[in-house]
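Below is one structure; the comments refer to it alone.
The values are calculated or read from the model by the stated rules, or taken from the named source; none is laboratory data. Keep in mind the model is a prediction, meaning the values are calculated, not measured. FYI the Cβ positions are ideal-geometry reconstructions off the backbone, even for glycines, and counts take in every protein chain you see. All accessible areas refer to the heavy atoms of the entire protein, side chains included, with ligands and DNA or RNA removed. Shrake-Rupley method; radii C 1.70, N 1.55, O 1.52, S 1.80 Å.
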Amino acid sequence: ITAPLYWWKDFYTYEFGIAVDTRSAMSELAAKAFTLDDFSCEHLVDEGDNCWFCNLDVIIDSLNSAREMFLITKDKKYWWQMIQLLPSSYNQRRTITMNYENVFTIIKQRSGHKLDEWNEFVRILKTLPYVKGIGGYEEK
């Protein structure tokens, strides 16, 4: 699953019975330059004096500046700049293993959630084999 950090924080509500395999964000953070594609930002808008999308561009530039300095100097202070500036909209890929009890709980509790990511995840869960037969859910 590739999802923003703010979604992953919410996902850990279902930690019981779920195994998660992830590369460490801390060790992988400087592996490549940051781009807009690394972030969930589809809802950012610019309205008059509020340039929220522009702010993300500034943060990405700052992250890349810190990354470059870290790669050149290996000085941990630049690594800290990346860690502490990283927005929760940063997408991270993780592999999960869970059982159907987890699936049904998530479907029940997260259907109609205000985060689009949860609604997409629920839609995907409903397409899993046996979901229709065991839980009575059908793809909508």
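Residue under question is residue 129, and the condition is that it be open to solvent by less than 40 Å² (accessible area, probe 1.4 Å) and either in contact with a Cys (Cβ under 6 Å, 6 or more places away or on another chain) or assigned to a loop (DSSP other than H, G, I, E, B) (or both); does it hold? Spell out how you get there, then give the answer.
Values: open to solvent by less than 40 Å² (accessible area, probe 1.4 Å): no; either in contact with a Cys (Cβ under 6 Å, 6 or more places away or on another chain) or assigned to a loop (DSSP other than H, G, I, E, B) (or both): yes.
When the stated conditions are applied, residue 129 does not pass them.
Going by what's in this entry, would residue 44 be described as open to solvent by 50 Å² or more (accessible area, probe 1.4 Å), modelled with pLDDT of 95 or more and among the aliphatic types (A, V, I, L, M)?
Values: open to solvent by 50 Å² or more (accessible area, probe 1.4 Å): yes; modelled with pLDDT of 95 or more: no; among the aliphatic types (A, V, I, L, M): yes.
For residue 44, the condition - open to solvent by 50 Å² or more (accessible area, probe 1.4 Å), modelled with pLDDT of 95 or more and among the aliphatic types (A, V, I, L, M) - is not met.
Can you run down the residue pairs with Cβ atoms below 6 Å, 6 or more apart or on separate chains, where the first is in the stretch 79-93 and closer than 11 Å to residue 62 by Cβ and modelled with pLDDT of 95 or more and the partner is surrounded by 18 or more Cβ atoms within 10 Å (Cβ to Cβ) and of a type in the set (A, V, I, L, M)?
81/66; 82/29; 82/63; 82/66; 85/63
Tell me, please, whether a residue that is within 22 Å of residue 108 (Cα to Cα) and either under 15 Å from the mean Cα position of the chain (by Cα) or in a helix (DSSP H, G or I) (or both) can be found in the stretch 30-49. Spell out how you get there, then give the answer.
Step one: filter the stretch 30-49 for residues within 22 Å of residue 108 (Cα to Cα), giving none.
Within the stretch 30-49, none of the residues are within 22 Å of residue 108 (Cα to Cα) and either under 15 Å from the mean Cα position of the chain (by Cα) or in a helix (DSSP H, G or I) (or both).
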